[in-house]
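Following: one structure in structure tokens, then a few remarks.
Nothing in this text is a laboratory measurement; each read-out follows from the coordinates by a stated rule. Only a predicted model underlies this, so the values are computations on that prediction, with no experimental measurement involved. Using ideal geometry, Cβ is built from the backbone for each residue, glycine included, and neighbour counts are taken over all protein chains shown.
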Amino acid sequence: MEFPRGILRNIVPGTNGQWTGSTQKQTEQKPSIGHFYIFCTENKTTAEAKEASLISQNVVASVEFNSTDPDENGRSRLLGMVQALSEMTTKFGGSDASQGGENVPDSEQNTMQLSHIDTDGLRELVGRLEDKYYFVCGIKFASYGGKTYKKHGIASPEFLISEIQKGGVLWRLNYGSIGTFLSGDFSKKSPEFAKRVQFLSSWWQEWLNNRFEFPSSFDFNGEGVYSMLNGVKLSSRAVSGKLAARLAQEIKSGFTDQDGMQDVLILNRDRLSANEYGALYVNEDSPFERVSIIGLLDYLQRQDFDFGLSRFALKSKNLLSLQSYRAGLEAINGTGNSPSVMQASEMGVVKDENQSYVESLLIAPFRNAYSTVSSFMPTFGGSAVGTRGSSDQEEQNTQSDTVSSDQKPTGRFLLGKTDEDGGSISTRKIILRRKKGETAGKVEVATELVMYEIGQVAYALLYQEDSPVLAETLYYEKIGKLLDDITEKLLKPVLEEGEKTTQEHSFFYLAYNKENRIYKASLPWIPDTNDVKKYKNRLETLSSPYSRATLVELHVNAMNLLLSESPQRNMKQIERLMRMGDNWWGLLERNGENSLVVLKNCKDKNLTSVERSTLSAFGPEVADWYKEFTL
């Protein structure tokens, strides 16, 4: 079932062959990106030719992926048309939440209603990155033998818009808002402003190339419906109530004001189950805005799934290329990590005389295999939790990290005083938004990220920028011991008990609280495609006992149930039962800000005769689970 596409489905601005691509050759063309623009709506414009220069002034990033895309005049016409249509749909079309805005700061919610425009061979995605900055991304449809396929290998506009907005989240973590980064007057294009515009364009070109690295990258993948939710994914073992209060007190008493430690996030990295993976603890009294915490957690999860929480991956300022990352690891294995081949530093490359410049650029980031390959840590119950690493690395880490029952486990710093390079200290500077009233200064503040891992638990510690204690070796020993004790005393019992009581259900669920911006879910991630699997080993690959096609359909239908517009959306309580094909059924229970989706494979043909859709329609197993479930 196709997810709702938005207000405008097919608007063809013209018959310019440059826009639609060749239809004469009997060749196959897979989905690809044609162009990407970021523009500012500060100056109102229209599509009239006389205002083309003004429209062009509003463009702050422009990426052309091939020479057949529109020239500057074509770009101005396109952006003028987008703004004009957006104003029209905003005025007459009402609200369209699918356009985006979930991944932008709360104070900068979306006002543009247009989500996409389809031409003969191109889909123009329109979304909001932040404040007054929007993007237009042209994606070319797949074609074969002169025929265009608008649904082949390409996800819904809403999903792709959300994915591109995640790029905006990563940009803000690194550089702050686009407006702050540019901080220039559009009428005065100084050399410095021009350099920043060029950097912004180059950064987005790299991000888009790596995000859509494979032919399958344009389809639904990975997080699926989770990508559309504006919230923190909680682990099913997330602490709450008295235990959460005790945990907060232990953390508070373990740090002093002089430390400059501002916030702590705790993650369960047990990726064998979507139900288990997620945040164990999120500080409800965090000094940072919720949208920043959501963005940081989403970033860490995506890094974990694709590259692992290695120091190199965590310190990268942009999305990495999986192919280049794997090539670098293989280069290390092939050279035995020889210092003569990899003379490099954190800030650049020292080229060896016997090595080509291209080789030096490729291998430089992988100067230390241990810093590149993330841990392969056992769970507290003994079952292995796979993240990154080659098979040799996996075996070594499994042997070294497994602890006996009478031996107290200890962790290691992923960012901080790491074990690489003789115990060097390396943190990660990120930019987060402070809550109003927390500071009299800037809303966006630079923050130092330190990460510690023990077993399947990962701690993200947020410090004031350039906090002096972060340069002290002994400080990390103190903090490591503190976190080991907290894990052993408070978290390990919760996780071990969870493994004992875990029950395999014959259904999937997704529970979302829009007001508190949290959700729990057991719906498996969409498995990797074959072109991605080539660059991952068995433990790295997102897999499932269900087929990829089945899970894509379940994720899309969950999107329909949760996010599509409904004439009943203002009702306090909604129940809806939907048949999805192949004996799969979906149930939506919505009560105020709480939404619950249950997906179950039911062979009972009498289910269609249920007078009103209720949880009991799915049988006693679902009903009993619901009685005990809390969000």
Estimate the FRET efficiency between residue 424 and residue 327 by the formula 1/(1 + (r/R0)^6), using the beta-carbon distance for r and 41 Å for R0, to the nearest 0.05.
0.95
Which order do 298, 71 fall in if you start with the one that has the fewest other Cβ atoms within 10 Å?
71, 298
Once you place label points 7 Å from the Cα toward the Cβ at residue 628 and residue 199, how far apart are they in nm?
5.4
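Sort 419, 528 so that the residue with the fewest other Cβ atoms within 10 Å of its own Cβ comes first and the one with the most comes last. Can you show the working numbers first?
Details: 419 13, 528 22.
Taking fewest neighbouring Cβ atoms as first place, the list is 419, 528.
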To make sure I understand, if each residue's beta carbon is the centre and we count other beta carbons within 10 Å, what order do 306, 531, 131 fall in, fewest to most?
531, 131, 306
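Here are some pairs, 166/315; 315/481; 166/317; 166/233; 166/252; which of them have Cα atoms lying more than 20 Å apart in this structure?
As for pairs spanning more than 20 Å Cα to Cα, those are 315/481; 166/252.
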Mind listing the long-range amide H neighbours of residue 416? Cut-off is under 5 Å, sequence gap 5 or more, other chains count too, H placed in the peptide plane at 1.01 Å from N.
426, 427, 451
Roughly what would the spin-label model give for residue 32 and residue 534, points 7 Å off Cα along C-beta, in nm?
1.7
Approximate spin-label separation residue 72-residue 489, in nm, with each point projected 7 Å along Cα-to-Cβ
6.6
